[in-house]
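Asker: Have a look at the structure that comes next, please.
No lab work stands behind these numbers, since they all come straight from the coordinates. Not measured: the values here are computed from a predicted model. Here Cβ is always computed from backbone atoms with ideal geometry, including for glycine, and neighbour counts include all displayed protein chains.
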Amino acid sequence: MLELILYLRSNTNYTIALVITEPEIHFSYVHDLGIPIKIIRRKVLRFDPLLFISFYKYCRRFKPDIIHTWGKMTTFYAIPTKLALRVPLISNLIADAQRNYKSLSLDNFFYKSDVFFADAILSNSLAGLKAYRITSHKAKVILNGVNLDRFMQKFDIESIRKEYGFNTPLIIVMVASFTRFKDYDLFLDVAKEVGKTRSDTSFVAVGDGSEWNRIKKRITDEQINNVILTGPQNAVERIIAVSDIGLLTTYSEGISNSIIEYMALGKPVIVSDLIGGSSEIVLTGETGFCTARSISAIVPLVNRLLDNENIRFKLGAAGKQRIISTFSIEKMSKAFMEIYEKTVS
């Protein structure tokens, strides 16, 4: 979303406002976007009826031509405003590839309402549309894109390694939120198994979230000495740049920004996702590996890449070229702009 806003600000005359429902902003450059940022805070309840009113009042003043939402609940909160002000609603509703809603649940009610009322339903992967069984003519896939300028800079490798205390010759990085959707326990299990036979590799985890303290405790309790937690980072590309392999242990993905970032920096990728959208980015054997979510599947691939620098460079170079050709911010943003123009025409 932020990459899209940055592109639109630089390349169009669109007037944009950003409305968010949580006060935490993890990317400091958001304040430099030059757009209004409205925080409509939820209170105690996840489902807060006051958000309907607050969002409606804001849109009545701002007078948008399009409401573009990201996620299930924000889309649901926007429905009354769409109807009252007769403004088209575009929803980036699908960002994963594993539907877990029970038929008789509030989540399913929210989701069904979103699909019914949205004028366009967007997914970042074909796997996401299949998982949610969306066949409506309103549905469309727009692949995630990144600003390639972030990855074309020169990185002071030795300085970055010293800054973060990376002392081993080889580094494996995982950039992901510490939530139940990412399998950080498997990440630790892989690190432990690799550590049994080699001392030349550090496993670096970048991010934070509700599972961070539990994972940190497990590292301490089990004395896992080859794992480093950096916490959240604004410039993750610096850490990826000094790494040798990009790893993502996950239950299921749509199109992962982390994988795109690994590949944009020329790193081979190993991802534990056979049924999600990762195979729409990672070409197994060409740019990395999509594999089963198990120690026995991941560890041999890790060791194979660690032991062969030529393979790492070959896969990484092919991955970088794939991102340049298919996952650029220009390609993504122009696809969104086509949706906007079509919706208001």
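Asker: Along each principal axis of its Cα atoms, how long is region 1-144 end to end? Whole angstroms, biggest number first, please.
Answerer: Computed over region 1-144, the largest-to-smallest principal extents equal 41, 33, 31 Å.
Asker: Right, another one. Between helix 329-344 and the chain, what is the angle of the helix's C-alpha long axis to the longest principal axis, kept within 0 to 90° and rounded to the nearest 10?
Answerer: With both axes taken from Cα atoms, the answer is about 20 degrees.
Asker: Something else: On a 0 to 90° scale, report how tilted helix 2-11 is relative to the longest principal axis of the chain, with both axes built from alpha carbons and the result rounded to the nearest 10.
Answerer: Result, in degrees: 70.
Asker: Using alpha-carbon pairs under 8 Å, 6+ residues apart, how would you state the relative contact order of region 148-326 in percent?
Answerer: Answer for region 148-326 is 22 percent.
Asker: With the Cα gyration tensor of the chain in hand, give its eigenvalues times 5 under a square root as the equivalent ellipsoid semi-axes, listed largest first in whole angstrom. Please report the intermediate quantities before stating the final value.
Answerer: Values: eigenvalues 266, 92, 80 Å².
Equivalent-ellipsoid dimensions as semi-axes: 36, 21, 20 Å.
Asker: Can you count the Lys pairs in region 148-326 whose Cα atoms are under 18 Å apart, with each pair 8 or more apart or on different chains?
Answerer: Value for region 148-326: 10.
Asker: Let me test this: with uniform point scatterers at the alpha carbons of region 148-326, what is the Debye-based log₁₀ I(q)/I(0) at q = 0.09, 0.12, 0.19 1/Å?
Answerer: Listed by q, the Debye log ratios stand at -0.27, -0.49, -1.38.
Asker: Mind checking region 151-210 for trypsin sites (Lys or Arg not before Pro) that DSSP puts in a loop (not H, G, I, E or B) and that have at most 12 other Cβ atoms within 10 Å? Spell out each step's value before the answer.
Answerer: Details: sites: 154, 161, 162, 180, 182, 192, 196, 198; in loops: 154, 180, 196, 198.
Hits after loop and neighbour filter: 154, 180, 196.
Asker: Also, quick follow-up: Among 173, 207, 225, pick out the residue whose Cα is farthest towards the positive end of the charge dipole of the chain, where Lys and Arg carry +1 and Asp and Glu carry -1 on C-beta, about the Cα centre.
Answerer: Of the candidates, 207 comes out farthest on the positive side.
Asker: Connecting C-alpha atoms closer than 10 Å in a GNM of the chain, tell me which of 73, 152, 174 has the biggest fluctuation.
Answerer: Greatest mean-square fluctuation among the candidates belongs to 152.
Asker: Something else: Determine the calculated [θ] at 222 nm for the chain from helices alone, applying -39500 (n - 2.57) to every DSSP H run no shorter than 4 residues and normalising by the residue count; nearest 500 deg cm²/dmol.
Answerer: Values: 13 runs with 146 residues, N = 345.
Taken over the chain, the calculation gives -13000 deg cm²/dmol.
Asker: Among 249, 220, 326, which one shows the biggest mean-square fluctuation in a GNM of the chain, springs joining Cα atoms closer than 10 Å?
Answerer: With Cα springs under 10 Å in the chain, the top fluctuation among 249, 220, 326 is at 220.
Asker: If you don't mind, another one. Which one, 304, 312, 61, has the greatest fluctuation when you compute a Gaussian network model over the chain with C-alpha springs under 10 angstrom?
Answerer: 61
Asker: Moving on. Can you count the Lys pairs in region 68-148 with C-alpha separation below 23 Å, eight or more apart or on different chains?
Answerer: 16
Asker: Angle between the Cα long axis of helix 309-326 and the longest principal axis of the chain, 0 to 90 degrees, nearest 10?
Answerer: The helix 309-326 is inclined about 10 degrees to the chain.
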